[in-house]
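Everything on this sheet refers to the single structure shown next.
The values are calculated or read from the model by the stated rules, or taken from the named source; none is laboratory data. Fair warning: this is a prediction, and the values are worked out from it, not measured in the lab. Here Cβ is always computed from backbone atoms with ideal geometry, including for glycine, and neighbour counts include all displayed protein chains. We work out accessible area using only protein heavy atoms, side chains counted, and drop any ligands, DNA or RNA first. Shrake-Rupley method; radii C 1.70, N 1.55, O 1.52, S 1.80 Å.
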Amino acid sequence: MLRLATAGSVDDGKSTLIGRLLHDSKAIFADQLAAVERTSRERGEDEPNLALLTDGLRAEREQGITIDVAYRYLVTPKRKIIIADTPGHVQYTRNMVTGASTADLALILVDARKGIVEQSRRHAFIASLLGVSHLVLCVNKMDLVDWSAERFAEIREEFRRFAMKLTVADLAFVPISALHGDNVVQRSANMPWYEGTSLLHHLEEVHVASDRNLIDARLPVQYVVRAQGFRTYAGTVAGGVLKPGDDVVVLPAGFPSRIREIWGPGGEPVDEAFPPQAVTVRLDDELDVARGDLICRPHNRPHVGQDIDAMVCWLTERSTLTPGARYTLRHTTRSVRAQVHDLTYRIDVNTLHRDEAAESLSLNEIGRVRLRTQAPLLFDSYRRNRSTGSFILVDDATNNTVAAGMITEPSASVVWHPTAVGRSDRATRGMTVWLTGLSASGKSTVAAELERRLVLAGRPAYRLDGDNLRHGLNAGLGFSPKDRAENVRRVGEVAQLFADAGLVAVVSLISPYRADRDLVRARHEAAGLAFLEVFVDTPVDVCEARDPKGMYARARAGEITGFTGVDDPYEAPAEPALVLRPQDGDPAAMAIKVLALLDRP
Amino acid sequence: MKGGSAMATTYELSPLRALEAESVHVLREVAATFERPALLFSGGKDSVVLLHLAAKAFWPAPVPFPVLHVDTGHNFDEVLAFRDRAVARFGVRLVVAAVQDDIDAGRAVEETGPRASRNRLQSITLLRGIAENGFDAAFGGARRDEEKARAKERVFSFRDEYGQWDPRNQRPELWNLYNGAHRKGEHIRVFPLSNWTELDIWRYIAAEHIELPLLYYAHRRRVVHRDGMLLAHTRFVTLLEGDEPFEASVRFRTVGDATCTGCVESTATTAESVITEVAASRTTERGATRADDRISEAGMEDRKKEGYF
């Protein structure tokens, strides 16, 4: 089963595409088609207007637009497809959010003549925000650009560049003509240059099952069944896999127990329950469990708290979201009072710019808020779990659903997962050796020699080289003081993990600012890990004379700026564990000096 | 190694089981959050599936709400007998709201003429039944694939104090977080089968061995051609000039008021053979057999606005 949401601006041909998809895959029945033909004829149109298949309301037909989300069903031999047909016209964001909330895949339509427009970017952003990990960009009206491969490639590249800023796991592009049916159900003869599959084929084949969270076991109790003298708990599995015999804990009270039996609807025994199964569970102990409680594994619990950070989309034109307002918040099977504490920022969905001065959210606007709830919620971040990370706000005055919310990772209350293995359980003790100095000072050569000798001696070690890390972990960071600080912070975190795992992390990084290095040292010390700072003190003229990568020459020529030692300062360590100077000998000799330091008790 | 390798666990539900899970979730949600829900039961296949799902959702306890039958007085005898059997088997309380009572009391005026139908009057009786019993939620078996106005329907459909549906002012429905908030006098129509298609219903009937009124399977009966449909020749149908009743092997795709529910020629006598027939059919069930949908382009939309389910 595939759930998809459509998006696209007005007149990009969305309703026509859906109509075409249904028509060409024979999902349209003769009487429906006859009705469309009759209406089209009455309106003086030559061809049956396939958009009429989906525009079902009187007002939609009168105005030729789509007003509200409609759901369509397409059954192919390979898949059942549920289409949330969301209008691109009025109140686009609200409807798109609604459709995308349950979608595995979003289908975004663009007009080949117009290319990527604001609306396309907005829809892609919303899909990404709502956790829709598969996107298909349909470049429509290819017939009106002479089936141009170049035009298609141009649009594809522009969209790809934009999508890099978003969290989209899977991106596909299909050039189509919804009006004529090219590449919708059948491959088109008009675009022989296109090597991909038809849209329908893609929808049938795309793999979406892995998008569910099968790791964190979560069962929000929905309904308590009392029968045959005992209580059972019914609910829809929101994450992970639950089995009879599993040790569990019931939150928020924290009662420990064990799953005795699990049944599917009607009492069919279940060996393994996973999302989105609706099950009934019996525990070993008779506990006081109620709707709104949550069953999970003892060592894998959701966050429990009353302060919630979330992205919200405001859904109503009748009011705005402002700090101080109170609503009913519905989350899994809980319903609690909530107050808006703070609007952190409003996001411009076209530019992705954050407006931190914003004071309210109105219809279709998206922003980050902090809420305080009257009773604790049992939640995960939306990114981790759509079921336990989502909520709606209901206005008590009108009973309307006014906002859709996605919980972000709680910053202040990140839970540090305890480990079953202590540091003393490991075979080796780890530490970090941090070599700092100018470019071409010889840090990496010493580090390499040190790593080699440690490994030879049977001591697990790994070299973290600044240049190498900038290809992977730190790709995307520049050389501004801020980026350099972040670079050092990340390398420091990785080194600390290695050290904690029992390795000697050998870091060679210019790390020119003392404050950044001191932060890493402080983090290590707080974690009880040794941090040895080694200053490779090679004078700048010696470094410049070596200049193996030609960097000094380029800096002197003005080709690069902000180069440490030339036009950017280097702050030497105040109290290094060791200083290595050129007169200390070759890299091997230097490595031995460091080794001696390591072996000191 | 022949047959010895362990099946890789994919943790995937079949489409039918995914639909079942979704419907069960909705049924439980309503039972947990409303005070007086009721299930609209006509004896038609969708409401039979709905009752079956309700029994599964609350197992091992009985269904925790009554069923409401809006009785037009023009029922097929087989369906009434089936209704009573089903109610007894599931151990649920039956509440009947009769159209005849509204006609007798002058609240509803019966159509006249040979094509007269009580279908439109059902809305009046339904709303009275809901109000008199103080129901705050009413489950219906409607599916979004049935009709274009129904494709726009929410799972939780808010109805104002007049029972009206306002398609331009529906509550956004996100994730599986349904908003059933309402004031006294208002109510929510709940459609747990929203995402099912006719074929899904039949596949489920076959998979679960669900008993249906025998009208749904091919049988011989006297019929008459009317408006491009086959109408069963019952005591409720007045013959028009030129009408020549004849006997044929037919079955019903929907079961409603006998005056406007047509049948189709068929030889399908089991759920499996019906599935084959439905899968190959080129007309919708309503297009084939419901006269009431042919009134206008927006016939269903208009009736839903009046309070129809």
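Odds and ends about this structure:
- Among residues of the stretch B:82-96, those that are open to solvent by less than 50 Å² (accessible area, probe 1.4 Å), under 24 Å from B:F252 (Cα atoms) and of a type outside the set (K, R), counted: 3
- The listed residues are B:A31, B:A54, and the only one of them that is surrounded by fewer than 23 Cβ atoms within 10 Å (Cβ to Cβ), modelled with pLDDT of 95 or more and in a helix (DSSP H, G or I) turns out to be B:A31.
- If the condition is being touching a residue at least 12 places away in the same chain (Cβ under 8 Å) and more than 30 Å from the chain's Cα centre (by Cα), then the stretch A:248-266 contributes A:A253, A:F255, A:P256, A:S257, A:R258, A:I259, A:R260, A:E261, A:I262, A:W263, A:G264, A:P265.
- Flag set for B:E110, criterion: acidic (D, E), out of contact with any Asp or Glu (no Cβ under 9 Å at 6 or more places or on another chain) and assigned to a loop (DSSP other than H, G, I, E, B).
- Test: residue in the stretch B:178-185 that is surrounded by 17 or more Cβ atoms within 10 Å (Cβ to Cβ) and within 20 Å of B:R128 (Cα to Cα): yes
- Verdict on B:R120 being assigned to a loop (DSSP other than H, G, I, E, B), more than 14 Å from chain A (Cβ to nearest Cβ), within 16 Å of the chain's Cα centre (by Cα) and among the basic types (K, R): yes
- All conditions but one from (1) touching a Lys or Arg at 6+ places or on another chain (Cβ under 9 Å); (2) aliphatic (A, V, I, L, M); (3) within 10 Å of chain A (Cβ to nearest Cβ) apply to B:L199; the one that does not is (1).
- Scanning the stretch B:203-225 for residues that are within 12 Å of chain A (Cβ to nearest Cβ) and of a type in the set (F, W, Y) returns a single hit, B:Y204.
- For the stretch A:438-496, a residue qualifies if it is among the basic types (K, R) and either in contact with a Pro (Cβ under 7 Å, 6 or more places away or on another chain) or part of a helix (DSSP H, G or I) (or both), and the qualifying residues are A:K443, A:R452, A:R453, A:K482, A:R484, A:R489, A:R490.
- Residue list for the stretch A:240-275, restricted to those being open to solvent by less than 40 Å² (accessible area, probe 1.4 Å) and under 21 Å from A:G389 (Cα atoms): A:G240, A:V241, A:L242, A:V248, A:V249, A:V250, A:L251, A:G254, A:A273, A:F274, A:P275
- On inspection, A:A447 passes the criterion of being farther than 13 Å from A:M431 by Cβ and of a type in the set (A, V, I, L, M).
- Every residue from the stretch B:209-223 that is more than 19 Å from B:N75 (Cβ to Cβ) and either open to solvent by less than 40 Å² (accessible area, probe 1.4 Å) or among the aromatic types (F, W, Y) (or both): B:I210, B:A218
- Of residues in the stretch A:221-239 being more than 10 Å from chain B (Cβ to nearest Cβ) and open to solvent by less than 10 Å² (accessible area, probe 1.4 Å), the one farthest from A:L2 (Cα to Cα): A:Y233
- Residue in the stretch B:238-250 that is closer than 21 Å to B:F82 by Cα and assigned to a loop (DSSP other than H, G, I, E, B) present: no
- Scanning the stretch A:361-387 for residues that are in contact with a helix residue (DSSP H, G or I) (Cβ under 9 Å, 6 or more places away or on another chain) and more than 14 Å from chain B (Cβ to nearest Cβ) yields one hit, A:E365.
- Test for B:F90: is it touching a His at 6+ places or on another chain (Cβ under 9 Å) and either within 30 Å of B:V224 (Cβ to Cβ) or within 14 Å of another protein chain (Cβ to nearest Cβ) (or both): yes
- Which listed residue is at pLDDT 90 or above and surrounded by fewer than 17 Cβ atoms within 10 Å (Cβ to Cβ), from A:L450, A:L438, A:L497: A:L497
- Looking only at residues in the stretch A:353-386 that are of a type in the set (A, V, I, L, M) and part of a strand (DSSP E or B), the one that is farthest from A:R218 (Cα to Cα) is A:L361.
- Filter result for A:T76 (within 27 Å of the chain's Cα centre (by Cα) and either open to solvent by 10 Å² or more (accessible area, probe 1.4 Å) or at pLDDT below 90 (or both)): no
- Selection of the stretch B:162-186 for residues being more than 7 Å from chain A (Cβ to nearest Cβ), farther than 26 Å from A:L22 by Cβ and touching a helix residue (DSSP H, G or I) at 6+ places or on another chain (Cβ under 9 Å) yields B:Y162, B:G163, B:Q164, B:D166, B:Y178, B:G180, B:G185.
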